[in-house]
Amino acid sequence: MVTTRRNDSGADRRRRATDEATSSGRGNGDTGKRETRKGTRTKKEKRVTQELGKSNSSLFDRAYQTVSRWVGLAHWLLSEAYLICNLTFILLKQLFAVPGKKWIFMLLKLLIYATFLLPGFVQVGLFYYFSKRVSRSIVYGPNPRNRLDIYRPADTKNCQSPLPVVIFITGGAWIIGYKAWGSLLGKVLSQEDLLVVSLDYRNFPQGTIRDMLDDVDKGIEWVFGNIRKYGGDQSNVTLVGQSAGAHLASLSLIECATNMQSHKKVVWTPLKMRAFVGVSGAYDLVSLSTYLSERGLHVQLLNVIMSVNEKCGFEHVSPLFKVQNLTNDPDKCKEVVGLLPPVVLMHGKKDETVPFHQSVHFRDVLERAGVSVELKLYENETHTTPLIENPLRGSNDELSKEIINTIRQGETLQMRDHYRMVPETLIRLAEAVSPF
């Protein structure tokens, strides 16, 4: 009996040991599963936390970028408004100091003209300030207003690469010129797969003619040196100027070519320019000064604007006389002419600001000098219709067509349709009161 109890007790001990081991194994397994599940939850929580953090960071970055963009735009607008107000005050002092006050009447007509076309100007302004196709106020030099705007096509993927380039020099009677005046032309031409650069330059009273020419030269130099970064073709650049801009562009071309022939230092070469298109240009300031004085831009003020080293001589800053004087030396003239690009002159016969005879006489002088030149006169066009009224109509845009023809010689021209921005009635009213 005693022996049997001992054996039973040993068996019991072995069963208990086995049960304990089994129980212990289950416990360890359950603990491991619980730890695994806990680890999985911890990883998920960390992942969710990281994703939330990234989302919050992304939202913060977007909000910061939006606020920064609006603050930057507000700062730019205030800076431009201050500059314009300050220059306006200085200019008014100059205007009131000269004899005759016809400019006041012309200013009132300008304000009424702009009011009639305001619906179109608002649309162009929204495009200029908010379109991603426009890069505004890129610095090209150290002086005030050494800025330029670049207009790009909407769909650059399907465009030829690199893009043909148009440099546009705005008008403004050497006083009220501004790079944004080229926004309508930039909008239209960039839709035709061209890269448009609109240059700003110092106007009077910030500078006189030599300052303006220096700025134009620096701007053109910047384009040739940097436009490839923006998708432009530096070997396919066309220079376009309107009114005072045509005067500055043509004068810059002629002076640059003359300096090259004389082995003087130049910052860019006219040989790189595909063509020059002058629109409603002022090329003979000797005869034009009297005409402009009768229309409100007094000759006394024009003398100050065109002065070089405090000395004025309209002949010395007239492209027509620059070329005419070259013909007195046939050898020099031939060398200079060989450096100039082909020239296209456009002028409306109803231009009352700069008579179309300016382009006719300039064409005659260029032809005598041996320059390749083409003159196109338009019966019913005024000083501004090629640049403002016709593009706002969305049709009869001869300026854009001519620029595209000049760039894409030999190609079939098929411009895209452009929508009308201003009702015809308002455009007719604007033309009726236009000071141009």
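Quick note: the coordinates plus some simple rules give every number you see, no bench work behind them. Everything quoted here is computed from the prediction, not taken from an experiment. Cβ atoms come from the backbone with ideal geometry, glycine included; neighbour counts cover every protein chain shown.
Points worth noting:
- The range 290-436, relative contact order in percent, only Cα pairs under 8 angstrom and at least six apart counted: 18
- Distance between modelled label sites at Val122 and His357, nm, 7 Å Cα→Cβ extension: 4.3
- Computed over the range 270-324, the alpha-carbon pair-distance distribution with 5 angstrom bins reads 4, 17, 22, 23, 16, 9, 6, 2, each value a whole percent.
- Gain on full stretching of the segment that runs from Met106 to Asp331 - 0.36 nm per residue minus C-alpha separation: 76.4 nm
- Gain on full stretching of the segment that runs from Glu424 to Ser68 - 0.36 nm per residue minus C-alpha separation: 124.2 nm
- In terms of its C-alpha gyration tensor, the range 280-356 has an oblate overall shape, because the principal axis ratio a/c (a ≥ b ≥ c, square roots of the eigenvalues) is not below 1.5 and a/b does not outweigh b/c.
- Three-way shape call for the range 251-408 based on the alpha-carbon gyration tensor, with the a/c threshold at 1.5: oblate
- Estimated inter-spin distance, Asn396 and Gln234, nm [label 7 Å along Cα→Cβ]: 4.2
- In this simple spin-label model, placing a label point 7 Å from the Cα along the Cα-to-Cβ direction at both Glu294 and Ala114 gives a separation of 2.8 nm.
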